[in-house]
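K.L.:
Before I ask anything, here is the structure I am working with.
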Amino acid sequence: MQPRYAPEEHEDKIYKLWQKHDAFNPDHYKGKKSGQTKPFSIIMPPPNANDPLHIGHAMFVALEDTLTRFHRMRGDDTLWLPGTDHAGIETQFVFEKKLQKQGKSRFQFDRDALYNMIWEYVQENSDTAVDQIKKLGASCDWSRFKFMLDEDVVRLTKETFAKMQKDGLIYRDIRLVNYCTKCGTSYSELEIQSVEQTTNLYYLRYPLFETPDEHIVVATTRPEPIFADTHLAVHPKDKKHQHLIGTQVINPLTKQPMTIIADEFVDPKFGTGVVKLTPAHDANDFAVAQKHKLPMNIAITREGKLTALAGKYAGLKVATAREQIIADLDKQGLIEKIDIAYKNTIKTCYKCARIIEPLPLPQFFVAVNKPGKSLTEAVLQTLAKKETKIYGAGREKILKHWLTNLNDWNISRQIVWGIRIPVWYQIDGHEDAISASFLNTAGEYTSGTLTELLKKHSLKTIAKGLQSLSADAEVPYIVGDSTPANRHEYLPETDTFDTWFSSAQWPVNTLKTTNKGDFARFYPTTVMETGYDILPFWVMRMMLLGIYLTNKSPFSEVYLHGLVRDEHGKKMSKSKGNVVNPLDMVSKYGADAVRMSLIIRSTPGIDKSVGERDFIAMRNLTNKIWNATRYVSMQEITDTSALPGDTVVSKKVATLSKDIAKLLEKRKIGVAADNTYGAFWHWFCDECIESHKQTTISLACLRKTLETFLQLLHPYMPFVTEACWQELHPESLLIEHAWPT
RNA sequence: GGUCGCAUAGCUCAGUUGGUUAGAGCGCUGCAUUCACAUUGCAGAGGUCAAAGGUUCGAAUCCUUUUGCGACCACCA
């Protein structure tokens, strides 16, 4: 053996050795173990298929592989199921950026071409994540690998949608959705960020209809949709304004009369105590409008421009329009004052940071709290019964908070990269209520209502080149994978599912499509291990849909790891330049060192700081393990008799094995790793090996103890321990070895 | 405004569910090297465990309050 451990000389070879022996596949162990073995399963959080791994991925690989290897050694029927995600919006965006660099835009391609281009792009890079996961030593069963867009997974995802539709848990309706005009799609409430901003609060004068010399003042941060204002509102008990209820004012832009109504949502103490109602562009106003059955005028398009309603401002972008409108109102003397340092919070797009435009669009929603069939209630009950245990510094409370306040889930996305919603709209009789855009054979776009389009084009032509379709909420539709066969005519939905709608079914849909019997054998899974940052996006939704589909929580434990921070405890970001690439560190210090650095002394739910110094320290540990083995393998067997120190040593190591196992079972992984490290270095190396030099313990005992330590260290540091094991026992594999007792 | 988390050595963090003299890594000081490993060993300095009060035979750990930091959620036009 060389005096130094060189990870690059061993890691790939050892990984191949494991694979050659099929050591990751639970079926490999079938019949080899005595008695009934209990299942242990982890579904890997599927990384984006074509993205390189970041340090957070290394964290999940390290933790999940540690648990997997530990349970495999304990003799459990152990499956770690790997997979990758199509990551709808993320991937489409990365691809669009690539197009942009080439001076192109996604709107230059028809949806099939765009989809195929992205598919190609993903295929080209799809091995990136998988290769890197292997480099980290993941002992997941690649024979059961799944991709979110695998045909069978897609089929099951659509079946879930159909089942939910049947059960009345899916509905299509006009709601104010969070729309990003830059990304060109709507989002659910979870993908929205709140940002505090300083903005102008305009105090505008609305002349009274009867006596136009008098006016009422309304404060607003958004003057541009005033065209769409339908009413003003005051609090019914507001003494100052009570007398105006039911009277009319003049809309300062359209000059049309508007009625003042009363509603308790108005806070008489805020601003002037008078609110303008813009039902189509404000969530509060929308709610009030529904309550009072007020009309909804649309002032802003999906492109973020003003509609024809805006007269001379039509077609202007929101920001430009605002300036001009304020200037014009000022000329008319309709501005009372402007508070230029007003602070409020606005919603922004989590992807591009643009301001989210609330727009009324007909979309598909999952009813999460339908009386009698409440998905959220079912999850809350599961949690109350402790059917699923959450590890992660108080995150269970956060989860409960989410579940008790969750709104219906918008699952429609206006992008092509994803699973198309399997819905068909009935055309005949609804031509006016459906608008579409299609590409003809000459490559030209044509759009309009179907009434207009069908005058010049056949339905077949439209269907063939269909790019986008927008049907009013009342248009009847049928759920299905192909054109419904009946006397009606149909066009398909063009929206795709929210990525998380398919991810939410991942534990169910993967196990149902791998090997026959896997679902019964491994579901519900044991541990769901992932970062706490996607608790509401993913974990909560897996519980919502998992329980809905199977009546069982998809996992009995949730282990939420913290975010990986830099060595100063700062958040990693490209702009700070403190991003650590895990694969660079792997090639520098070895996979074991990277894994151990992330795991040792980590605590669920608490962020973990790592830096080069930690990788170096753990690289030193790999070398220490290597050299301890080297020492033992260098000894010549002179006397095989036991020595007086042996009993104490073997007793202590047996206790240690038990203690470490208990810690790992209680998911105190960071503590287990730390204790194993300490015992190995400061007890085994510093004391036991020295005792052997003093001939107070025998070589046999020393060797046995070292082997035990290789077993104890193997879950965290699989490569070096296996490399050392091969020096001692080339006839067997450490990965297949039983946990020491 | 609400919820959650954190505060322990110079730095970054553990502390196995209340149990002697509070630990690790890095850093620092001194010594050691034909010895498995200098990616090493030995010795050492360094902490009133944020503050105050309470429960207890016993508190870094449980409870209350305060302060500071961080995250999330909700927000009033």
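K.L.:
In the list A:Leu253, A:Leu294, which residue meets the criterion of being in a loop (DSSP other than H, G, I, E, B), more than 35 Å from the chain's Cα centre (by Cα), touching a residue at least 40 places away in the same chain (Cβ under 8 Å) and closer than 27 Å to A:Lys237 by Cα?
P.N.:
Being in a loop (DSSP other than H, G, I, E, B), more than 35 Å from the chain's Cα centre (by Cα), touching a residue at least 40 places away in the same chain (Cβ under 8 Å) and closer than 27 Å to A:Lys237 by Cα holds for just one of A:Leu253, A:Leu294, which is A:Leu294.
K.L.:
Only one of these is of a type in the set (A, V, I, L, M), farther than 22 Å from A:Ala591 by Cα, surrounded by fewer than 16 Cβ atoms within 10 Å (Cβ to Cβ) and out of contact with any Gly (no Cβ under 7 Å at 6 or more places or on another chain): A:Val648, A:Val632, A:Val653. Name it.
P.N.:
Criteria check complete, one pass: A:Val648.
K.L.:
Can you run down the residue pairs with Cβ atoms below 6 Å, 6 or more apart or on separate chains, where the first is in the stretch A:652-677 and touching a residue at least 12 places away in the same chain (Cβ under 8 Å) and the partner is of a type outside the set (S, T, N, Q) and outside any helix (DSSP H, G or I)?
P.N.:
If the second residue must be of a type outside the set (S, T, N, Q) and outside any helix (DSSP H, G or I), the pairs left are A:Ser657/A:Pro740; A:Arg667/A:Tyr391; A:Arg667/A:Tyr559; A:Gly670/A:Arg601; A:Ala673/A:Ile600; A:Ala673/A:Tyr716; A:Asp674/A:Ile600; A:Asp674/A:Arg601.
K.L.:
Output yes when any residue across the stretch A:449-472 is within 18 Å of A:Gly418 (Cα to Cα) and among the charged types (D, E, K, R), and no when none is.
P.N.:
No, there is no match, as no residue in the stretch A:449-472 is within 18 Å of A:Gly418 (Cα to Cα) and among the charged types (D, E, K, R).
K.L.:
Taking the condition touching an Asp or Glu at 6+ places or on another chain (Cβ under 9 Å), among the hydrophobic types (A, V, I, L, M, F, W, C), more than 13 Å from RNA strand B (Cβ to nearest atom) and closer than 17 Å to A:Met44 by Cβ, does A:Phe522 pass?
P.N.:
Yes: the conditions hold for A:Phe522.
K.L.:
Only one of (1) more than 23 Å from the chain's Cα centre (by Cα); (2) not in a helix (DSSP H, G or I) is not met by A:Val527, so which one is it?
P.N.:
Among (1) more than 23 Å from the chain's Cα centre (by Cα); (2) not in a helix (DSSP H, G or I), A:Val527 violates only (1).
K.L.:
Could you check the stretch A:318-361 and list, in sequence order, the residues that are more than 21 Å from A:Lys182 (Cβ to Cβ), away from RNA strand B (no atom under 15 Å from the Cβ) and crowded, with 18+ Cβ neighbours inside 10 Å?
P.N.:
A:Leu334
Results for (1) under 19 Å from A:Ile174 (Cβ atoms); (2) buried (at least 19 other Cβ atoms within 10 Å of the Cβ); (3) not aliphatic (A, V, I, L, M), shown as yes or no for each residue.
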{"site": "A:Leu232", "(1), (2), (3)": "no, yes, no"}
{"site": "A:Lys255", "(1), (2), (3)": "no, no, yes"}
{"site": "A:Ala262", "(1), (2), (3)": "no, no, no"}
{"site": "A:Phe265", "(1), (2), (3)": "no, no, yes"}
{"site": "A:Leu277", "(1), (2), (3)": "yes, yes, no"}
{"site": "A:His281", "(1), (2), (3)": "yes, yes, yes"}
{"site": "A:Leu309", "(1), (2), (3)": "yes, no, no"}
{"site": "A:Leu316", "(1), (2), (3)": "no, no, no"}
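K.L.:
If A:Arg222 satisfies all but one of (1) in contact (Cβ under 8 Å) with a residue 60 or more places away in the chain; (2) near RNA strand B (Cβ under 8 Å from one of its atoms); (3) part of a strand (DSSP E or B), what's the number of the condition it fails?
P.N.:
(3)
K.L.:
Moving on to the next point. Residues of the stretch A:693-709 being of a type outside the set (A, V, I, L, M) and either within 20 Å of A:His729 (Cβ to Cβ) or in contact with a strand residue (DSSP E or B) (Cβ under 7 Å, 6 or more places away or on another chain) (or both), which ones?
P.N.:
A:Ser698, A:Cys701, A:Arg703, A:Lys704, A:Thr705, A:Glu707, A:Thr708, A:Phe709, listed by residue number.
K.L.:
Out of all the residues in the stretch A:592-630, which are under 30 Å from A:Glu396 (Cα atoms), within 6 Å of RNA strand B (Cβ to nearest atom) and small (Gly, Ala, Ser)?
P.N.:
Within the stretch A:592-630, just A:Ser609 meets the criteria.
K.L.:
Select, from A:Glu736, A:Glu722, A:Glu690, A:Glu665, the only residue that is over 26 Å from A:Val527 (Cβ atoms) and of a type in the set (D, E, K, R).
P.N.:
One residue alone meets the criteria, A:Glu690.
K.L.:
Identify, please: which residue in the stretch A:231-248 is in a loop (DSSP other than H, G, I, E, B) and within 14 Å of A:Asp263 (Cα to Cα) and is, among those, farthest from RNA strand B (Cβ to nearest atom)?
P.N.:
So, considering only residues that are in a loop (DSSP other than H, G, I, E, B) and within 14 Å of A:Asp263 (Cα to Cα), the one farthest from RNA strand B (Cβ to nearest atom) is A:Gly246.
K.L.:
Can you pull out every residue in the stretch A:570-591 that is within 11 Å of RNA strand B (Cβ to nearest atom), part of a helix (DSSP H, G or I) and surrounded by 21 or more Cβ atoms within 10 Å (Cβ to Cβ)?
P.N.:
A:Tyr589, the sole residue that qualifies.
K.L.:
Quick check on my filter: what residues within the stretch A:422-433 are in contact with a helix residue (DSSP H, G or I) (Cβ under 7 Å, 6 or more places away or on another chain) and under 21 Å from A:Thr160 (Cβ atoms)?
P.N.:
Passing the criteria: only A:Pro422.
K.L.:
For the stretch A:631-676, enumerate the residues that are among the small types (Gly, Ala, Ser) and within 15 Å of RNA strand B (Cβ to nearest atom).
P.N.:
Across the stretch A:631-676, the qualifying residues are A:Ser633, A:Ser657, A:Ala661, A:Gly670, A:Ala672, A:Ala673.
K.L.:
For the stretch A:376-384, state whether one or more residues are at pLDDT 90 or above, in contact with a Leu (Cβ under 6 Å, 6 or more places away or on another chain) and not hydrophobic (A, V, I, L, M, F, W, C).
P.N.:
Looking through the stretch A:376-384, at least one residue is at pLDDT 90 or above, in contact with a Leu (Cβ under 6 Å, 6 or more places away or on another chain) and not hydrophobic (A, V, I, L, M, F, W, C).
K.L.:
With (1) surrounded by fewer than 20 Cβ atoms within 10 Å (Cβ to Cβ); (2) of a type in the set (Lys, Arg); (3) not in a loop (DSSP other than H, G, I, E, B) as the list, and A:Lys269 as the residue in question, which single condition is left unmet?
P.N.:
If we test A:Lys269 against (1) surrounded by fewer than 20 Cβ atoms within 10 Å (Cβ to Cβ); (2) of a type in the set (Lys, Arg); (3) not in a loop (DSSP other than H, G, I, E, B), just (3) comes out false.
K.L.:
Say we look at the stretch A:177-209 and pick out the residues that are assigned to a strand (DSSP E or B), within 11 Å of RNA strand B (Cβ to nearest atom) and farther than 18 Å from A:Arg322 by Cα; which of these is farthest from the chain's Cα centre (by Cα)?
P.N.:
Looking at residues that are assigned to a strand (DSSP E or B), within 11 Å of RNA strand B (Cβ to nearest atom) and farther than 18 Å from A:Arg322 by Cα, I get A:Glu196.
K.L.:
Of the residues in the stretch A:321-368, how many are farther than 24 Å from A:Ala308 by Cα, more than 24 Å from the chain's Cα centre (by Cα) and either small (Gly, Ala, Ser) or assigned to a helix (DSSP H, G or I) (or both)?
P.N.:
2
K.L.:
Another one. Of the residues in the stretch A:508-522, how many are touching a residue at least 40 places away in the same chain (Cβ under 8 Å) and touching a helix residue (DSSP H, G or I) at 6+ places or on another chain (Cβ under 6 Å)?
P.N.:
8
K.L.:
Another question about this same structure. Any idea which of (1) within 16 Å of RNA strand B (Cβ to nearest atom); (2) aliphatic (A, V, I, L, M); (3) closer than 21 Å to A:Thr525 by Cβ is the one A:Ala23 doesn't satisfy?
P.N.:
Looking at each condition in turn, A:Ala23 falls short on (1).
K.L.:
Go through the stretch A:528-567 and report how many residues are small (Gly, Ala, Ser) and more than 14 Å from RNA strand B (Cβ to nearest atom).
P.N.:
Matching residues across the stretch A:528-567 total 3.
K.L.:
Now a separate question. Only helices (runs of 4 or more DSSP H) wholly contained in the stretch A:60-137 count here; list those with 1 or more residues that are in contact with a Leu (Cβ under 6 Å, 6 or more places away or on another chain).
P.N.:
Qualifying helices (runs of 4 or more DSSP H): A:127-135.
K.L.:
Another question, if that's okay. Of everything in the stretch A:386-409 that's within 13 Å of A:Glu557 (Cα to Cα) and more than 12 Å from RNA strand B (Cβ to nearest atom), which residue is surrounded by the fewest Cβ atoms within 10 Å (Cβ to Cβ)?
P.N.:
A:Lys386
K.L.:
Would you tally the residues in the stretch A:433-465 being of a type outside the set (A, V, I, L, M) and not in a strand (DSSP E or B)?
P.N.:
Final tally of qualifying residues: 14.
K.L.:
Being part of a helix (DSSP H, G or I) and under 23 Å from A:Pro82 (Cβ atoms) is the filter here; which residues of the stretch A:1-25 pass it?
P.N.:
The answer is A:Pro7, A:His10, A:Glu11, A:Asp12, A:Lys13, A:Ile14, A:Tyr15, A:Lys16, A:Leu17, A:Trp18, A:Gln19, A:Lys20.
The values are calculated or read from the model by the stated rules, or taken from the named source; none is laboratory data. Worth saying up front: this structure is predicted, and the values here are computed from it rather than measured. Every residue, glycine among them, receives a Cβ derived from its backbone with ideal geometry; neighbour counts consider all protein chains shown.
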